[in-house]
Each structure stands twice: as structure tokens, then as C-alpha cells.
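Visitor: One structure, as C-alpha cells, below. Some questions next.
Values quoted throughout were computed directly from the atomic coordinates according to the rules given, and no laboratory measurement underlies them. Model, not experiment: these values are computed from the prediction. Methodologically, a virtual Cβ is constructed for each residue, glycine included, from the backbone with ideal geometry; neighbour enumeration extends over all protein chains shown.
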Amino acid sequence: MEPIRIEVAAAGGAYSVVVGPGSLKTLGHELDARHLGPRRILVSSPTVWALHGSRLRQAGAHRTPILVPDGERSKRLRTVERVHDALIRAKADRSIVIVAVGGGVVGDLVGFAAASYLRGVRIVHVPTTLLAQVDSAIGGKTGVNHGLGKNLIGAFHPPSLVVADPLVLATLPRREFRSGLYEVIKYGVIADPALLDRMGETLPAILARDPQALTPLVAACCRIKAGIVSADERESGLRRVLNFGHTVGHALEAATEYRRFRHGEAIAYGMLAALSIGVTRSVTSPEIYDAVSTLIARLGPLPPVSDVAARAVLSAVGRDKKVVAGTLHFVAATTPGRTTTLTDVSEAELRTALKGLGVRGAAPPRRRATPGRTRAASPRES
Ligand SMILES: NC(=O)c1ccc[n+]([C@@H]2O[C@H](COP(=O)([O-])OP(=O)(O)OC[C@H]3O[C@@H](n4cnc5c(N)ncnc54)[C@H](O)[C@@H]3O)[C@@H](O)[C@H]2O)c1
Ligand SMILES: [Zn+2]
């Protein structure tokens with residue numbers, strides 16, 4: 001299968017996203033062809049390196065990589081400093097090309113290490129989770145968490161190249177893989193209804209991680225994200241559609257201290273909430289609600305929400321980055337592939353939607369209040 005190449009426009013220069021089974025093995029050629037070298041340093045995690053390091057060695061990566069611990073807890077300034085230490089010891093100068101091989105955690109933190117080392121050196125992303133392939137590796141958002149909030153420290157630093165090999169997804173734990181699939185559903189809702197149809201038709205092959213089914217799926221999502229970030233690199237408006245399902249999704253993650261859900265699982269709930277608010281208002285066509293809820297159900301059970309307190313979820317919505325100057329910008333679906341932004345979603349509507357998900361204590365209160373009027377607190381995630 002020939003690799004699929006997608007171009008992304010960025011202020012600092014366009015870059016390509018290459019999606020193809022086996023592209024990990026040919027990474028060396030891709031880098032050579034774009035003069036991304038000769039000095040390269042790989043950064044990965046022990047898990048990913050143990051599973052896929054041999055293929056990268058075949059691609060000419062003989063030098064020992066810098067390994068950073070896995071997991072969201074590792075996405076912090078101390079780990080960035082460790083990467084910097086290793087780069088300084090390796091006498092890396094401004095000609096260095098850093099190759100980040102891993103999930104969104106590795107991509108975000110190594111991206112920020114590259115953005116800040118010598119005021120910015122080149123980075124190539126080799127995303128190895130479905131979420132990283134369809135989302136985090138594209139667009140140039142990099143960063144780490146702070147003790148007081150997620151992704152609070154960061155920089156825009158677009159990569160020089162992204163190489164996504166669907167074959168590496170074969171080793172992904174089932175839950176991580178499914179978590180990425182919910183973001184694929186999101187792309188279908190916001191931009192490409194045919195993607196939802198294709199997903200429905202080929203779900204068994206997708207779940208079996210068949211590269212023939214996965215490659216066009218990953219490429220379709222990369223194309224959508226590439227189109228959106230090319231038009232709106234710094235999130236002035238258009239990029240906001242990527243937040244579909246993320247108002248309630250992020251709030252569920254925050255209310256459960258990022259322990260209960262994989263990101264995509266929370267987004268699955270968030271999409272259902274956004275769709276039900278839209279259907280109740282007659283903004284969203286019921287057919288999208290049906291298509292999405294059917295697909296989500298076919299992917300299997302989500303972690304429970306019945307013991308999550310509605311109050312905690314609503315208070316997290318009020319602190320969200322999508323509250324701009326006191327107004328909540330809520331992305332709703334309209335017809336398949338199209339969205340609109342609602343700026344008047346009330347607390348009562350959110351409560352009704354949370355109740356529909358089964359969140360505890362979500363029955364609408366007697367008095368009406370608008371979280372959209374809540375003062376914005378610290379910024380939140382991408
Ligand atoms: N920069 C952005 O635009 C953006 C967008 C969305 C999410 N993010 C960030 O991405 C992060 C989440 O990324 P994620 O979901 O990829 O999680 P992750 O990076 O934590 O990876 C999940 C797990 O999968 C393992 N893994 C990775 N590749 C594997 C493979 N091929 N086989 C087996 N195991 C593998 C990892 O070791 C890890 O344990 C969050 O920190 C989030 O904030 C960033
Ligand atoms: Zn997301």
C-alpha cells in the first residue's frame with residue numbers, strides 16, 4: 001500500500017503527514033529525502049521502544065534513544081529538563097532533528113522540549129497511539145501539565161514531518177485503541193459524515209486493526225485536522241470545532257481527577273451530551289445522534305458515570321478554556337459534517353444532558369443559572 005501524504009500549512013513552513021503501513025521502517029528514507037539530518041536523536045518511552053525499537057533500528061536509528069517514562073504524570077517540566085540534559089550531554093546543536101516516537105504524552109512533552117531547546121530545534125513526530133496519529137501529532141500544540149492544571153505550560157511548535165504507521169497500532173492496549181476511535185467519530189460528526197458510514201461498515205476490520213481498514217481511516221482524520229489547523233493555526237475560531245464533545249468531556253475528566261477515563265472515553269460522553277442538547281433545541285438532526293450513539297454502543301461499554309457528581313462536572317465546565325470572556329462557547333452539531341457554536345447554553349440544559357448520561361444529582365434545579373456567565377478561570381486543555 002502506497003503511503004498517503006497530506007500537507008499542513010504553518011506560519012513557519014508547510015510540513016507533511018505521511019500515513020502508511022510500514023512507514024516506521026522507511027522513516028530513515030523519509031527523513032533523508034527531506035534533509036532532516038544528518039544529526040538525529042530519538043526520544044521515546046520504554047514501552048514503545050521495547051515494542052517497536054527494532055523497526056526503528058532497521059530505519060537506521062542505531063544511536064541509543066533518550067527514554068522518558070510513560071504516562072500523564074511524566075508530562076511535566078522535570079521530564080522536559082531530563083530531555084534537555086540528555087541533549088546537552090549529546091552536544092546537540094541547532095542542526096539537531098529530534099524524533100519523538102510515542103503517544104500524545106511523549107509527543108507533547110518532547111515537542112515542548114524541542115520548542116524550548118536553544119529557542120527551538122526541529123522535531124519529527126512518529127505517533128504510536130491512534131489518538132496521537134489522528135490528533136495530537138498534527139497542529140503544533142506542545143506542552144506539559146502544571147500541578148494546578150493540565151497543559152498550562154506550552155508553546156506552538158509545528159513539526160517538520162509527521163510519520164504515522166498504522167501497523168504500530170497492533171500492539172496498543174484495547175482501551176487505548178478504542179479511546180482513539182471516539183476521536184475518529186468526532187471528526188466524522190464535525191467534518192465528514194462518510195467517515196461515520198465507513199466506520200460503521202468496516203468496524204470489525206477496524207477493531208481487528210486491519211491496516212487496510214485503518215490506513216484510510218487515519219488518513220481521513222489527518223486530512224480533516226490538517227485542513228482545520230492550516231486555516232487556523234493559532235485557534236482564533238475555526239479550530240474551535242475540534243472541541244466538539246470536549247466541553248462536557250473535559251469536565252468529566254477534571255471532575256474525576258483524570259483517573260477514571262481515557263480521554264476519548266470522556267469525549268464519547270461529551271459528544272452524546274452535546275448531541276442531546278442540540279437535538280432538544282432542534283439544532284442537531286436526530287439522525288446524527290442515532291448514528292453516533294449506535295457507533296459508541298458498538299465500541300463497547302464506557303466507564304460508569306453514575307457516581308460522578310453533577311456539581312463537580314458543572315463547576316469544571318465553568319473553569320474551562322472554552323469559556324471566553326465569561327461566555328461558554330459550546331460546539332453543537334447541526335447536520336452531518338457541520339457544526340455551530342452556541343453561546344447561550346444554560347446550566348439547566350447541561351444538567352438535563354448530564355442526567356441523560358446518568359451523572360449523579362443532575363436533575364435540573366428550580367432556579368435557572370447560566371454557566372456561560374461564570375468567570376473564566378485558568379485555561380484548560382487543547
Ligand atoms: N497537542 C495536541 O494537540 C493534543 C491533542 C490531544 C491530546 N493531547 C495530549 O495527548 C495525551 C494523550 O495521548 P495518548 O492518548 O496517546 O496517551 P499516552 O501517550 O499516555 O499513551 C497511552 C499508552 O499507550 C502506550 N503506547 C503508546 N504507543 C503504543 C503502542 N504502539 N503499542 C503499545 N502501547 C503503546 C503508552 O506507553 C501509554 O502507556 C494527553 O496528554 C493529551 O493532553 C495533545
Ligand atoms: Zn480530544
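Visitor: Calculate how steeply helix 193-207 sits against the longest principal axis of the alpha-carbon atoms of the chain, using the helix alpha-carbon long axis, and give the answer as 0 to 90 degrees to the nearest 10.
Guide: 60
Visitor: Once amide H atoms are placed 1.01 Å from N in the peptide plane, what residues at a sequence separation of 5 or more from residue 324, or on another chain, have their amide H within under 5 Å of its amide H?
Guide: Amide H neighbours of residue 324, under 5 Å, 5+ apart: 329.
Visitor: Also, I was wondering about something else. If you fit an axis through the alpha-carbon atoms of helix 46-58 and take the longest principal axis of the Cα set of the chain, what angle between them do you get, 0 to 90°, nearest 10?
Guide: With rounding to tens, the tilt is 40 degrees.
Visitor: Oh, and also: Treating only the Cβ atoms of Lys and Arg (+1) and Asp and Glu (-1) as charged, compute the dipole magnitude of the stretch 1-118 about its Cα centre; round to the nearest 20 debye.
Guide: Numbers: 16 positive and 10 negative charges, 78 e Å.
So the dipole magnitude of the stretch 1-118 works out to roughly 380 debye.
Visitor: What does the extension gain come out to for residue 360 and residue 90, with contour length at 0.36 nm per residue minus their alpha carbon separation? Before the final figure, lay out the partial values.
Guide: On the way: separation 270, 0.36 × 270 = 97.20 nm, distance 5.31 nm.
Extra length available between residue 360 and residue 90 comes to 91.9 nm.
Visitor: What does the net charge come to around residue 3 if you take all other residues with beta carbon closer than 14 Å to its beta carbon, with K and R at +1 and D and E at -1? Write down the numbers at each step before the final one.
Guide: Details: positive: 5, 25, 34, 223; negative: 2, 7, 30, 165.
Here the charged neighbours net out to 0.
Visitor: I'd like to know which of 275, 98, 316 lies farthest towards the positive end of the charge dipole of the chain, counting +1 on Cβ of Lys and Arg and -1 on Cβ of Asp and Glu.
Guide: About the Cα centre, the residue reaching furthest to the positive side is 316.
Visitor: What shape does the stretch 1-135 have by the C-alpha gyration tensor, where a ≥ b ≥ c are the square roots of the eigenvalues, rounded means a/c under 1.5, and otherwise prolate means a/b greater than b/c and oblate the rest?
Guide: Numbers: a/c = 1.34, a/b = 1.23, b/c = 1.09.
The shape class here is rounded.
Visitor: What residues have an amide H closer than 5 Å to that of residue 161, excluding those fewer than 5 places away on the same chain, when H is modeled at 1.01 Å from N in the peptide plane?
Guide: The list, which skips near neighbours in sequence, is 125.
Visitor: Also, I was wondering about something else. With respect to the cross-link table entries 186/322; 91/150; 141/225; 141/355, which display a Cα-Cα separation exceeding 22 Å? Let's see the in-between values first.
Guide: Numbers: 186/322 17 Å; 91/150 31 Å; 141/225 13 Å; 141/355 34 Å.
With Cα atoms farther than 22 Å apart: 91/150; 141/355.
Visitor: Using DSSP to define loop residues, name the trypsin sites (Lys or Arg not before Pro) in the stretch 200-273 whose beta-carbon has at most 13 other beta-carbon atoms within 10 Å. Don't jump to the answer; show the numbers that get you there.
Guide: Working: sites: 209, 223, 225, 234, 239, 240, 259, 260, 262; in loops: 209, 234, 259, 260, 262.
Sites meeting the loop and neighbour criteria: 234, 259.
Visitor: Let me ask something else. Using a simple charge model, +1 on the beta-carbon of Lys and Arg, -1 on the beta-carbon of Asp and Glu, nothing else, what dipole does the stretch 198-263 show about its Cα centre, in debye to the nearest 20? Numbers along the way, then the final one.
Guide: On the way: 10 positive and 7 negative charges, 11 e Å.
Dipole magnitude for the stretch 198-263 comes out near 60 debye.
Visitor: Given the options 4, 33, 205, identify the residue whose Cα lies farthest towards the positive end of the charge dipole of the chain (+1 on Cβ of Lys, Arg; -1 on Cβ of Asp, Glu).
Guide: 33
Visitor: Taking Cα atoms, how many degrees apart are the long axis of helix 347-357 and the longest axis of the chain, rounded to 10 and kept between 0 and 90?
Guide: Orientation of helix 347-357: about 70 degrees from the principal axis.
Visitor: Here's a follow-up. Quick one: length gained pulling residue 338 to residue 175 fully straight, 0.36 nm per residue minus the C-alpha distance? Intermediate results must be reported in sequence, preceding the final value.
Guide: Working: separation 163, 0.36 × 163 = 58.68 nm, distance 2.84 nm.
Extra length available between residue 338 and residue 175 comes to 55.8 nm.
Visitor: When the Karplus curve 6.51 cos²θ - 1.76 cosθ + 1.60 is applied with θ = phi - 60°, which whole-Hz ³J(HN,Hα) does each residue of the stretch 299-306 get, with x for Gly and Pro?
Guide: 6, x, x, 9, x, x, 10, 5
Visitor: OK, next. Please work out the FRET efficiency for the pair residue 282 and residue 257, using the Cβ-Cβ distance as r and a Förster radius of 51 Å; give the result to the nearest 0.05.
Guide: Values: r = 36 Å, r/R0 = 0.71.
FRET efficiency, residue 282 to residue 257: 0.90.
Visitor: Moving to a separate point now. Tell me the mean residue ellipticity at 222 nm calculated for the chain from its helices only (DSSP H runs of n ≥ 4, each -39500 (n - 2.57), averaged over every residue, nearest 500). Don't jump to the answer; show the numbers that get you there.
Guide: Numbers: 12 runs with 162 residues, N = 382.
The per-residue figure over the chain is -13500 deg cm²/dmol.
Visitor: Going 7 Å from the Cα of residue 298 along its beta-carbon direction, which residues of the stretch 186-226 have the amide nitrogen within less than 12 Å of the resulting point?
Guide: 195-207
Visitor: Please arrange 88, 228 by counting, for each residue, the other beta carbons lying within 10 Å of its beta carbon, fewest first.
Guide: Working: 88 11, 228 22.
So the residues, fewest neighbours to most, are 88, 228.
Visitor: In whole Hz, with x marking every Gly and Pro, tabulate ³J(HN,Hα) for the stretch 140-149 from phi via Karplus 6.51 cos²θ - 1.76 cosθ + 1.60, θ = phi - 60°.
Guide: Going residue by residue, I get x, 7, 10, x, 9, 8, 10, x, 9, x Hz, with x marking Gly and Pro.
Visitor: Enumerate by residue number the trypsin sites (Lys or Arg not before Pro) in the stretch 42-125 meeting two conditions: DSSP loop (anything except H, G, I, E, B), and at most 11 other Cβ atoms within 10 Å of the site's Cβ.
Guide: Values: sites: 55, 57, 63, 73, 75, 76, 78, 82, 89, 91, 94, 119, 122; in loops: 63, 75, 76, 91, 94.
Loop-located and lightly packed - 91, 94.
Visitor: Quick check: the distance between the Cα centres of the stretch 109-150 and the stretch 214-257, to the nearest angstrom?
Guide: One Cα centre to the other: 15 Å.
Visitor: In whole angstrom, note down how far apart the Cα centers of the stretch 173-194 and the stretch 49-90 are.
Guide: Spelled out, the Cα-based centre of one part sits 28 Å from the other.
Visitor: Under 5 Å between amide hydrogens, which residues at least 5 positions from residue 42 or on another chain qualify, with H placed 1.01 Å from N in the peptide plane?
Guide: The answer is 66, 99.
Visitor: Name the shape class, rounded, prolate or oblate, that the alpha-carbon gyration tensor gives for the chain, where a ≥ b ≥ c are the square roots of its eigenvalues, rounded holds for a/c under 1.5, and otherwise prolate holds if a/b is larger than b/c and oblate otherwise.
Guide: Since a/c reaches 1.5 and a/b is larger than b/c, the shape of the chain is classed as prolate.
Visitor: While we're on this one: About its Cα centre, what dipole magnitude does the chain give when the only charges are +1 on Lys and Arg Cβ and -1 on Asp and Glu Cβ, stated in debye to the nearest 20? Provide the component values of the computation, followed by the final result.
Guide: Values: 50 positive and 32 negative charges, 225 e Å.
Around 1080 debye, computed over the chain.
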